[in-house]
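Peer 1: My questions all concern the structure below.
Derivation of every value follows stated rules applied to the coordinates shown; laboratory data play no part. What you see is a predicted model, and the numbers here were worked out from it, not measured in a lab. No Cβ is skipped: glycine too gets one built from the backbone with ideal geometry, and neighbour counts run over all protein chains shown.
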Amino acid sequence: MLLSDAVKPLFAGTELRYPQFLPQCPVCTATASKELFVLRGFSHRQCRGCGFIFVNPRLSDEGARIYYNSEYYRQYCDNNERPINEVFGPYCRTFGPGLPDFVDRLRALCPRGRVVDVGCGLGALLASLPATDFERVGVEYNEAAARFAREHFGLRIVPDLADLRGAGTGFDLVTAIEVIEHVADPLACMQDLAQLLLPTGVLVVTTPNIGGLDYHLHGRQCAHFCAPSHVNFFTVETLTRLAARAGLQRQDYGYRGGVVSYVHWWRTRRADVDFWSPEAPTRNSANLVYRPRHGGPVILPAPQSLAPAATAGAARAPRLAFLRGLANRLLNGLFAQTQMIVVFRRAAG
Ligand SMILES: [Zn+2]
């Protein structure tokens, strides 16, 4: 199934069938925005108040539910014969070889307690947190992915955030990995995440970084633009501002990126292509970035400013830790800062 086939049923002519129009910028509430470009029928706009880039109108919740339970994930595939764990690769490959490192960093922020992963996909992250230390819950509304997480990892998965309300205590650790760029109402999403937190809890959000080199090099060909999947495009600043509206305070942030991004840029520098289109001549470089099986694992630099894992940090000499931090900063400066990882806590008072 081609991506264009997945998008077609969402439109009647050029009109979106399930539109949700944002009357104002969810980050700063300004009402004025300018159109940057149209991709696959979706207008990508930039807020004149704060610079936030967003698709408007986007799919309503009803439309998104149809889209995400359709053949959506197949857009990444060449054929329909892949096993589900490959089809749901987008979640796994977000971390790929970096997953153990990311888990270490989560455990440095929260060594044990109740954890919920919102938009948990196949459950790879939750499954990496030991059941002896964590009471684990996942939220995933793609039924096939939820089933995989239950059957494969034995995880408790609920289809909706509403299923967690009134469940008694909140959570020590809340994660939303590559979720907020997809949601129809990002402010409501942030408020929901904030509500799940215990007063001492920590929220870890990862999302594509539109402030990174990717966007500046690629413009509309940047891989982040894959409407109707991605509709909110944050920088650390705009995400922090949105979180503040939900009563959250940024504690820390870091980036991940990859040199392969430059390969993509080099190959597409003269072409005006839709990165995600199956017809795109860049398909192979897309595979390189997003499908490690075609090109070997992509080595991602560690997030630069997250605290090192408690155990590893204690064993490491301070000078070594400093050099490692410096190296990470340099690497992240050189690389694309494709993804950001931001840590929030409830704002004081
Ligand atoms: Zn704004």
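Peer 1: For the pair A144 and D160, how long in nm is the line joining their label points, each one 7 Å along Cα→Cβ?
Peer 2: Placing both labels 7 Å beyond Cα along the Cβ direction yields 2.3 nm.
Peer 1: Report the extension gain between E151 and A12 in nm, rounded to one decimal, defined as 0.36 nm multiplied by the number of residues separating them, less their alpha carbon distance.
Peer 2: Working it through step by step, the gained length comes to 46.2 nm.
Peer 1: Another one. Enter the Cα centre distance for the pair segment 22-62 and segment 175-224, rounded to the nearest angstrom.
Peer 2: Cα centroid of segment 22-62 versus Cα centroid of segment 175-224: 15 Å apart.
Peer 1: Could you calculate the FRET efficiency of A30 with R319 from 1/(1 + (r/R0)^6), where r is the beta carbon distance between them and R0 is 35 Å, rounded to 0.05?
Peer 2: Given R0 = 35 Å and the Cβ-Cβ separation, E is 0.15.
Peer 1: Another question, if that's okay. What is the order of L187, L16, fewest Cβ neighbours within 10 Å to most?
Peer 2: L187, L16
Peer 1: Between T169 and T132, take the C-beta separation as r, use R0 = 30 Å, and let me know the FRET efficiency to the nearest 0.05.
Peer 2: With a Förster radius of 30 Å, E is 0.95.
Peer 1: Next question. Between E62 and V38, what is the label-point separation in nm under the 7 Å Cα-to-beta-carbon projection?
Peer 2: About 2.4 nm separates the two model spin labels.
Peer 1: Which cross-chain or sequence-distant (5 or more) residues have an amide H under 5 Å from the amide H of N209, H modelled 1.01 Å from N in plane?
Peer 2: Amide H neighbours of N209, under 5 Å, 5+ apart: Q339, M340.
Peer 1: Return the sequence-ordered ³J(HN,Hα) values of segment 227-240 in whole Hz as given by the Karplus equation 6.51 cos²θ - 1.76 cosθ + 1.60 applied to θ = phi - 60°, using x for Gly and Pro.
Peer 2: Ordered by residue, 3J(HN,Hα) equals 3, x, 5, 8, 10, 10, 10, 9, 9, 4, 5, 5, 5, 5 Hz.
Peer 1: A further question on this structure: Around L106, with a cut-off of 13 angstrom between Cβ atoms, what is the net charge of the other residues, counting Lys and Arg +1 and Asp and Glu -1?
Peer 2: Around L106, the surrounding residues sum to -2.
Peer 1: Let me ask something else. If each residue's Cβ is checked for other Cβ atoms within 10 Å, how do I53, I66 rank with the fewest at the top?
Peer 2: With the sparsest Cβ surroundings first, the list reads I66, I53.
Peer 1: Quick query: amide H of L155 versus all other amide H atoms, modeled in the peptide plane; which residues come in under 5 Å with a sequence gap of 5 or more or a different chain?
Peer 2: Those qualifying (amide H under 5 Å, at least 5 residues apart or on another chain) are R150.
Peer 1: Additional query: Which net charge results for the neighbourhood of N232, defined as the other residues with beta-carbon distances under 15 angstrom from its beta-carbon, given Lys and Arg at +1 and Asp and Glu at -1?
Peer 2: Summing Lys and Arg as +1 and Asp and Glu as -1 gives -2.
Peer 1: What Kirkwood Rh does segment 105-156 have if only Cα atoms enter the pairwise 1/r average? Answer in Å.
Peer 2: One decimal place: 11.0 Å for the Kirkwood radius.
Peer 1: Follow-up question, since we're still on this one. So, in nm, how far is label A244 from label H216 when the simple model puts each one 7 Å beyond its Cα toward the Cβ?
Peer 2: Calculated label separation equals 2.3 nm.
Peer 1: If neighbour count is taken as other Cβ atoms inside 10 Å, put Y215, Y68 in order from fewest to most.
Peer 2: Final ranking by Cβ density, sparse to dense: Y68, Y215.
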